[in-house]
Amino acid sequence: MDSILVTGNGPLNGDIHIAGAKNACLTLMPATLLSEEPLTLTNAPRLSDIRTMTLLLQSLGCEVSSLQDGKVIAMSSHALTSQRAEYDIVRKMRASILVLGPLLARYGHAEVSLPGGCAIGARPVDLHLKVMEAMGAEMDLRDGYVHAKAPGGLKGGTFEFPFVSVGATENALMAASLAKGTTVLKNAAREPEIVDLVHCLRRMGAQIEGEGTPTITIQGVDRLGGATHGVVTDRIELGTYMLAPAICGGEVTCLGGRIDLLAAFCEKLDAAGISVTENERGLTVARKNGRVKAVDVVTEPFPGFPTDLQAQMMALMCTAEGTSVLEEKIFENRFMHAPELTRMGARIDVHGGHATVHGVERLKGAPVMATDLRASVSLILAGLAAEGETIVNRVYHLDRGYENVEQKLSALGAKIERIQGQ
Ligand code: EPZ
């Protein structure tokens, strides 16, 4: 397993390219299953999760070609050979559940392995199943698989989510696009990745209104066509790299960044004493003066503070002036970066869903362990500003969601390199 060696090396300056959104691409790719015609995605990120989704779609008989060094994904589902998503692929990536809605809508049946949990929580899929039932499907759980049937096709229905679920909203949107009649989703997710999926489905001929609001209405159509769609900018990669100059000092422009993707996060950076300016090239971020101020954070569904930036924000708060409280309200176990940051000299008390961070002057480099995707990049951010060397182990987590981290940060002046595992 590879490791990343980071050495604190002072302020960072320059431009950084922000890729297409992993969490948009992982729902846009299964959308190809809804149509016999080709779906082509541009501005796709080059990540291991995208390669896993490619393997899953190919296992169903979908043709998937990666062009232009992976930035373009050309797909065609005109001759699917299977509607069964096998456990050995699904267990690697929870987003595999997103083939359920499209397969059920187009073929009237699907067998999808239950994804199982991951480090940050149990990650059940009960809402995915309930919303399909609201559209007339029969869902049967046995031998670790969801056996879904809708022999007469899905029917439009109304479903109110008891709490916001990004994935269940995405599955429902894709399924409802081909259902007979009208579907109304209430308390739907409002993330930019949901809006991006609707834009793509609309290009394919879907009739959808209300994306980005809590109520989305879908008028089912008989068939969907092909499309070419550009993947929206990755707001989580954007927020992650905005924190690099915040933690180290200096001034960095995140190319293509937009404040509307991350308004709640930008408000917190401003309160912490970080300047964020939107210009024609993207978002320019600099530490205004002196030490960062401690701020409190509560993670919420969009437009609130994103849970996927909580670990990275904690790294910033470790060297802030004062005490900050971070409350994680989306996942039940998303503070595993805290004990690793403590190894670097951070002072963090975790009680249930709350982490209290008492800022210290400076962290000290140490060997640390990445436990999940966002925790791994939080440790790298901490290492950038720490005194001495930090070795982040198990960086396969990192490669799921960030392309070329070492190259991107080295170009800003960071001392960072990958150490090939044994
Ligand atoms: C998506 O996961 C993202 N993944 C996650 O990003 C992100 O953290 C999450 O949304 C929240 O924004 C992708 O888009 C591929 P949810 P998802 O359904 O759809 C519970 C990353 O780092 N829940 O909104 O799985 C669930 O356990 C990843 O890129 C149920 O109980 O998230 C969680 O506590 C991590 N039953 C909460 O709801 C369900 O049927 C929100 O989950 C579904 C979800």
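Side notes on the structure shown:
- Listed residues Ala272, Gln68, Pro301: farthest to the positive end of the dipole of the chain (Cβ charges): Gln68
- Proximal aspartates and glutamates relative to Lys408, as straight alpha-carbon distance under 16 Å, when same-chain residues fewer than 8 apart are discounted: Asp15, Asp234, Glu237, Glu251, Asp399, Glu417
- Counting Lys and Arg as +1 and Asp and Glu as -1 over every other residue whose Cβ lies under 13 Å from the Cβ of Glu170, the net charge comes to -2.
- Set Lys71/Lys92; Lys92/Lys415; Lys22/Lys130; Lys92/Lys130; Lys130/Lys329; Lys130/Lys268 screened for pairs whose C-alpha atoms are more than 29 Å apart: Lys92/Lys415; Lys130/Lys268
- Environment charge at Gly421 (Cβ cut-off 10 Å; Lys +1, Arg +1, Asp -1, Glu -1): +1
- Overall, the chain carries a charge dipole of about 160 debye about its Cα centre when +1 sits on the Cβ of Lys and Arg and -1 on the Cβ of Asp and Glu, all other atoms neutral.
- Amide N of the range 46-62 lying under 13 Å from the label point, which is placed 7 angstrom from the Cα of Gln407 along Cα→Cβ: 46-47
- Cα gyration tensor shape of the range 22-230, rounded if a/c is under 1.5, else prolate or oblate by comparing a/b with b/c: rounded
- Cβ-Cβ distance of Glu36 and Ser66, R₀ of 25 Å, FRET efficiency by 1/(1 + (r/R0)^6): the value works out to about 0.75.
- The aspartates and glutamates whose alpha-carbon is closer than 19 Å to the alpha-carbon of Lys155, local same-chain residues fewer than 8 away aside, are Glu133, Glu138, Asp140, Glu170, Glu209, Asp222.
- Average accessible surface area per residue within the range 335-422, 1.4 Å rolling probe, Å²: 42 Å²
- Per residue value of the accessible surface for the range 22-230 (all protein chains in place, 1.4 Å probe), Å²: 38 Å²
- Fraction of antiparallel bridges per DSSP, the chain only, in percent to nearest 5: 70 percent
- Rounded to the nearest 500, the helix-only mean residue ellipticity at 222 nm of the chain stands at -8500 deg cm²/dmol, with each DSSP H run of n ≥ 4 adding -39,500 (n - 2.57).
- On the range 22-230, 50 percent of the accessible area sits on carbon and sulfur atoms, based on a 1.4 Å probe.
- Listed residues Ala263, Gly249, Val125: farthest to the positive end of the dipole of the chain (Cβ charges): Gly249
The values are calculated or read from the model by the stated rules, or taken from the named source; none is laboratory data. All figures in this text were calculated on a predicted structure; none of them were measured in a lab. Glycine gets a Cβ as well: all are built from the backbone with ideal geometry, and neighbour counts include every protein chain shown. Surface accessibility is based on the protein's heavy atoms, side chains included, excluding ligands, DNA and RNA. Shrake-Rupley method; radii C 1.70, N 1.55, O 1.52, S 1.80 Å.
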